[in-house]
Structures are given as structure tokens and as C-alpha cells.
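The values are calculated or read from the model by the stated rules, or taken from the named source; none is laboratory data. Computed from a predicted structure; not experimentally measured. Because the Cβ atoms are built from the backbone with ideal geometry, glycine has one as well, and the counts that use them run over all protein chains shown.
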Amino acid sequence: MDLSFSEQDEAYRQKLRDWIAGNKDLATRTMKGIDDKGDRNPIQAMRDWQRHLYEAGYVGMSWPKAYGGYECSLTEQVIVNEELARAHLPPTINTIGLTIVAPTLIQHGNEDQKKEHLKRILRGDDIWCQGFSEPGAGSDLASLRTAAVVEDDQFVVTGQKVWTSVGPIADRCVLLVRTDKDAPKREGITYLLVDMKSEGITVQPLRNAGGGSHFSEVFFDEVKVPRGNMVGELHGGWAIARSTLDNERSGLSGVVALENNFKKLLELVEAGTRSGKPALEDPQTLNQIAQYWIEIEGLRYLGYRTLSEQLKGQKPGPQASVGKLFSSKLRQAMAKSALEIAGPYAALTKKSPHVLNRGRWVAGFFDSLGYSIGGGTSEIMHNVIAERVLELPRSVED
Ligand SMILES: Cc1cc2nc3c(=O)[nH]c(=O)nc-3n(C[C@H](O)[C@H](O)[C@H](O)COP(=O)(O)OP(=O)(O)OC[C@H]3O[C@@H](n4cnc5c(N)ncnc54)[C@H](O)[C@@H]3O)c2cc1C
């Protein structure tokens, strides 16, 4: 395992920093929700931002050129992720498309599907959502009941998905459906690509504890999906879904975002008090802060290890669950510490003149709770690590 960045990598980093410095105005405009035409349209502004990033060569750099990628090294991709997050630039809007759907299509899609979708994912032309979870089928995903009947050259889909992130703004969806209800539950599932504008789809936004409504319920009422939109074989969707989940979990540790949170937490500690004394003089607080930094560094090297394996051509496997589990715990612990240090001020919103860090702590606390559920709960991560990484016996056969 080689964890160092080469001279060439560092030169690449510098070139990127120059690009970032030259595009600060564009980033600021995007954050204000102003699109390329000068209209206030936050979603279009984010699509435009992703397209500019792509055209500059900073999205999909490790993807094959034949599908719109740049065939750069994964190390360069990591440098870009790090530098964009450190510069507090807007993220790419099509996260699910880029980190979950595209790697799945590159691995399992046919040529037509790759040609049709991959470049559009890179440019942010199509925003993708993931239609896996259902009421009654979250952790036990293989119990899903949304059904698809094959009629001539199409599937007819009826059922319901829930917790679908970015559902309200998505153009397309990767959808798991049951195509054989008599087969063992993992053997009757098919993986489809669905146009969210299809007749019969209704998206109902859901409000989360922090007040946002980025996820949704999605209802399918006899929705027609062309047979050409099936990924892999009929009834063969479970193995593809597993690789989608491994890709999702490998992208969920978000070390740079944790590092940014840590820096803000440190500022809070430097300015705050505990039990009437400066928080910086409180040994318990200092111990906690040191522990957080140690864990962030641990996650960074875990990420580099996964990267090093990917550079050797290996796909992210169940070990991605380790990073996902630890980063969600760490995110929650830091958010809780911030609330304790900030005290009642943490509850203030942006409207108050006494607001701390633009109200990020209370919002961050609510946000952190979802990280130990989305992409598989922490309990399920423990199961995956025990059974698929450590190869311990399964607790219950199903
Ligand atoms: C922020 C966020 C975004 C999400 N985005 C999406 C999305 O875009 N697309 C999508 O399809 N889904 C999405 N989800 C749904 C998510 O994948 C599910 O919520 C998750 O898999 C858990 O399923 P559930 O909610 O049905 O809980 P359940 O599966 O009912 O679990 C309830 C509790 O039981 C525990 N439990 C269940 N089974 C076991 C077991 N075998 N061993 C030990 N403990 C167990 C769980 O850990 C949990 O604590 C999102 C969720 C969140 C919070």
C-alpha cells in the first residue's frame, strides 16, 4: 500500500488550486443560487456548476474516455475531492449519479446504457435518485414488494419507495423491483433504470427533523419501463444492488467534510467556556478534541487504503462499511460536543444577531443523525463487517 502523493500529484493539486482561485466568483454566484443565465434558480445553478467543473476536467477523471471520463488516476480524483471541500466550494449536485449509479453502470450496464447515461451524469444533465427502500424493506432490503410484470418489451411497475433522497428534483432513478414473487427473495429481484417523468410516478416530499425535505416517498402506478432499461439479467438484480451499496458506503466516510467540521468545532472550543472556565482549559474537552482528530486521521488512512486497492483494480467491497460506520459515529459525537460547548446559543437561527456559525450546529446535529441510517444502519454495518469482512458465522439464516 502506497499512501504518499507523488510530485506529479502535487503539481496537479497546484493546478487545481489555481483553477479554484480563478473561479471564486462563479462559486459565490452558485452558492447564491444564480444560474448561468443570471436567473435565481438554485437547482439549475448547481447543474451549471457541475458542468463547469466537468468541462474543466474535475469530474469523472478516473472514468473511461469512451464514456466522457478523463482516465486520470483515482489519486487525482481524491485530490479534487479534498481541494474542493477544503475551499468550501459548492459540491456536485448529482452525487447519487456520480458515486452510486455510474460505477454500477460501468461495472454491470450494457454498451447502450453506458453511452446513454454516463456523460449526462458527469455533466449534471440528469440528476439520479436511488429507489431501493420501501415501507417494510429497509435493512431487510430483499423483502421489497414493488412489483414489475413483464409485458412484451416492457415492465409495468406498481408499488412504493420511501426515503428517496433528491426524489423531488430527480430526472432518473435506479429502481429495485420484484419480478418473481415465488422465487427465494434474493432471486426474484430485477434492477431497472427509470425516467422519473414517466406517467404514473408521483413524488411526495418528506420533511426531516432539521426542516429540510430532500427526501421523499415515490409511488408507482402501472409505470411502463422499456425492457432495454434493465441492468443485468431478469431476476438477477440482487448482486447488482449489493455492488451499488458497496459503492455507496465507500463514498460515505467524507473525511474532508469531517475535517471542516472539526475546524469549526475547534474555533468554538477556542471561544467557548465550560463550567465557567475557558473550554481550552478543560482537560475533558481537550481529550475529546484530540480523540476526534485521531479518529479523523484513522479514517483518512482507511480511505487511502481503499483508494490504493481501487488503483490496483479492486472494487470497493464490504470493508467500505467500516469507514461508513466510524464516520457516522464521529460526525454525531462532534455535533453533540458542539451543542454542549455552544450551550443555548446553538439553538439560535440565522435570524438572530447572536447566532453561532450561521446556525450550523443545531442543523448539523439533526443532519448527523441520518448518517447512521442512510446507506444502511450502524447495526447493519456491524453485521456486514462481522459476516463479510471478518467471516464470522451468520447469526440468523434467512
Ligand atoms: C438521510 C437518509 C437518506 C436516505 N436515502 C435513501 C435513498 O436515497 N434511497 C433509498 O432507497 N433509501 C434511502 N434511505 C433509507 C435507508 O436506507 C433506510 O432507512 C435504512 O436502510 C434502514 O431501513 P428502515 O428505515 O426501514 O429501518 P429498519 O430496517 O426497520 O430498522 C429499524 C431498526 O432495526 C435495526 N435492525 C434491522 N434489522 C436488523 C438486523 N438484522 N440486525 C440488527 N439490527 C437490525 C436497524 O438497525 C434499526 O435500528 C435513507 C435514509 C436516510 C436516513
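The single condition among (1) at pLDDT 85 or above; (2) exposed (fewer than 12 other Cβ atoms within 10 Å of the Cβ); (3) within 16 Å of the ligand (Cβ to nearest atom) that Tyr371 does not meet is (2).
Within region 255-290, being over 21 Å from the mean Cα position of the chain (by Cα), of a type in the set (S, T, N, Q) and surrounded by 13 or more Cβ atoms within 10 Å (Cβ to Cβ) holds for Thr273, Thr285, Gln288.
Any residue in region 118-137 that is within 15 Å of the ligand (Cβ to nearest atom) and at pLDDT below 95? Yes, some residue in region 118-137 is within 15 Å of the ligand (Cβ to nearest atom) and at pLDDT below 95. Of the set (1) away from the ligand (no atom under 16 Å from the Cβ); (2) modelled with pLDDT of 95 or more, all apply to Glu76 but (2).
Inspect all residues belonging to region 12-35 and state whether any of them is polar (S, T, N, Q) and closer than 29 Å to Gly167 by Cα. Yes, the conditions are met somewhere in region 12-35. Apart from one condition, Ile385 fits all of (1) hydrophobic (A, V, I, L, M, F, W, C); (2) over 16 Å from Ser139 (Cα atoms); (3) more than 10 Å from the ligand (Cβ to nearest atom); the exception is (2). Only a single criterion out of (1) assigned by TED's automatic domain parsing to the domain that holds Ala56; (2) within 16 Å of the ligand (Cβ to nearest atom); (3) of a type outside the set (Lys, Arg) is not satisfied by Ala87, namely (2).
Table: residues versus (1) surrounded by 21 or more Cβ atoms within 10 Å (Cβ to Cβ); (2) closer than 15 Å to Val269 by Cα.
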| position | (1), (2) |
| --- | --- |
| Pro316 | yes, no |
| Ala320 | yes, no |
| Gly323 | yes, no |
| Ser328 | yes, no |
| Gln332 | no, no |
| Lys336 | no, yes |
| Leu348 | no, no |
| Ala363 | no, no |
| Asp367 | no, no |
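Does Gly136 qualify as being farther than 23 Å from Pro226 by Cα, of a type outside the set (Ser, Thr, Tyr) and over 16 Å from the mean Cα position of the chain (by Cα)? Yes; evaluated as a whole, the condition is true for this residue.
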